[in-house]
Amino acid sequence: MFLVIGGTVGIGKSTVSYLLEKKLKEIKGEESTILEPEPVVGSPYLKKYYEDPVKWTLVAQLDFLLLRHKQLLDCQEKLSVPGSKLKYMVFDRHLLEDYIFANMHSTKKNMRTFNSLAYHAIYNNILSIEKNSKVDYFFLLKAPLDMVINRVKERGREIEMDVDVKYWQDLYDMYYNTPWVTEHFKEESKKLINIDATKSPEEIVDDIIKILKKDNVI
């Protein structure tokens, strides 16, 4: 079962993902759950992506996409091991969200139309290949923009410190104020559920566990 913790940068995905993995292991056993962290953190293009988006967006986005696809393939392999007790894969962001970043850069003209078409073709091909790996639950964390920007500043990641605040605003608008994004998440997930991320991470995890228990999947 694929459980995605999604949302814009600074919304609190990593903390919630970690705590959800921990909670599921407490409930269902140590071997029941694996956390899949953000694979793009290890990309050699991530720093360049922020420093010079016009030059590096296409290459970086393709690298991110391939990293996420490999992550999905690895997850399928783990779930298919005979006799495995593994049931839950918790994703700290998912391949579906890569599409949001790529479209934002296309809108901002950091990615030329011709390059954008190439990216979309590759993305759609991967989706068609992985059509049997649809997300079971997509938990979309939501909080006010000012809270999100404050969290980005407070955590103080060096790679994010020089990013113009307009970038975070545009990304936020793409995630939460763009109707086709919501439709995309709905179409590619069995369930899309909005989660109030103004609560503490512990409260958020409790809310998610209640939903999963109500649906009798834990």
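Skipping prolines and chain starts, which residues have an amide H placed within reach, meaning under 5 Å, of the one on VAL135, given they are 5 or more residues away or on another chain?
Residues meeting the amide H criterion: LYS190.
So what does the Cα-only Debye profile of the range 92-218 read at q = 0.13, 0.15, 0.17 Å⁻¹, as log10 I(q)/I(0), no solvent term?
Results for the range 92-218 at q = 0.13, 0.15, 0.17 Å⁻¹ read -0.67, -0.88, -1.09.
Please turn the phi angles of the range 82-94 into ³J(HN,Hα) values with the Karplus equation 6.51 cos²θ - 1.76 cosθ + 1.60 (θ = phi - 60°), one per residue in order, whole Hz, x for glycine and proline.
x, x, 5, 8, 5, 10, 10, 10, 9, 9, 8, 6, 9
Can you tell me the Rg and the Dmax, both Å, for the Cα atoms in the range 1-74?
When restricted to the Cα atoms of the range 1-74, Rg and Dmax are 14.9, 47 Å.
Give me the dipole magnitude in Debye, nearest 20, for the range 2-214 about the Cα centre, with unit charges on the beta carbon: positive for Lys and Arg, negative for Asp and Glu.
The dipole of the range 2-214 has a size of about 380 debye.
In Å³ and rounded to a whole number, note down the convex hull volume per residue for the Cα atoms of the chain.
Output value, Cα hull per residue: 119 Å³.
Quick query: amide H of PHE91 versus all other amide H atoms, modeled in the peptide plane; which residues come in under 5 Å with a sequence gap of 5 or more or a different chain?
For PHE91, the qualifying residues are LEU3, VAL4, ILE5, GLU36.
Counting only helical runs of four or more DSSP H residues, what would the 222 nm mean residue ellipticity of the chain come to if each run contributes -39,500 (n - 2.57) and the total is spread over all its residues?
After summing the helix terms and dividing by the residues of the chain, the value is -18500 deg cm²/dmol.
Residue by residue, what Karplus-based ³J(HN,Hα) values in Hz, rounded to whole numbers, does the range 56-63 have, using 6.51, -1.76 and 1.60 with θ = phi - 60° and x for Gly and Pro?
Listing the rounded values in order: 10, 4, 4, 4, 5, 5, 5, 5 Hz.
Mind listing which GluC sites (Glu not before Pro) in the range 4-110 are in a DSSP loop and have 14 or fewer other Cβ atoms within 10 Å?
On the way: sites: GLU21, GLU26, GLU30, GLU31, GLU51, GLU77, GLU97; in loops: GLU30, GLU31.
Those satisfying the criteria are GLU30, GLU31.
Please order ARG112, ARG93 by the number of other Cβ within 10 Å, starting at the fewest.
By the 10 Å Cβ count, ascending, the order reads ARG112, ARG93.
Report, in degrees rounded to the nearest 10, the 0 to 90 angle that the Cα long axis of helix 165-176 makes with the longest principal axis of the chain.
In the chain, helix 165-176 runs at an angle near 50 degrees to the longest axis.
Looking at this model, which pairs from LYS109/LYS131; LYS25/LYS47; LYS78/LYS142; LYS48/LYS153; LYS108/LYS199 are more than 27 angstrom apart at the alpha-carbon? Mind dumping the intermediate values first?
Details: LYS109/LYS131 30 Å; LYS25/LYS47 34 Å; LYS78/LYS142 30 Å; LYS48/LYS153 20 Å; LYS108/LYS199 32 Å.
Checking Cα-Cα distances, LYS109/LYS131; LYS25/LYS47; LYS78/LYS142; LYS108/LYS199 exceed 27 Å.
Pick out which of ALA118, ALA60, ALA143 has the largest mean-square fluctuation in a Gaussian network model of the chain, springs linking Cα atoms closer than 10 Å.
ALA118
Across the range 106-115, in residue order, what do the Karplus-derived ³J(HN,Hα) couplings come to in whole Hz, using 6.51 cos²θ - 1.76 cosθ + 1.60 with θ = phi - 60° and x for Gly and Pro?
My calculation for the range 106-115 gives 5, 5, 7, 6, 6, 10, 5, 3, 4, 5 Hz in order.
No value in this document is a laboratory result; all are computed from the given coordinates. Predicted, not measured: the structure shown is a model, and the values here were computed from it. Neighbour counts are summed over all protein chains in view; Cβ atoms, including those assigned to glycine, are modelled from backbone coordinates with ideal geometry.
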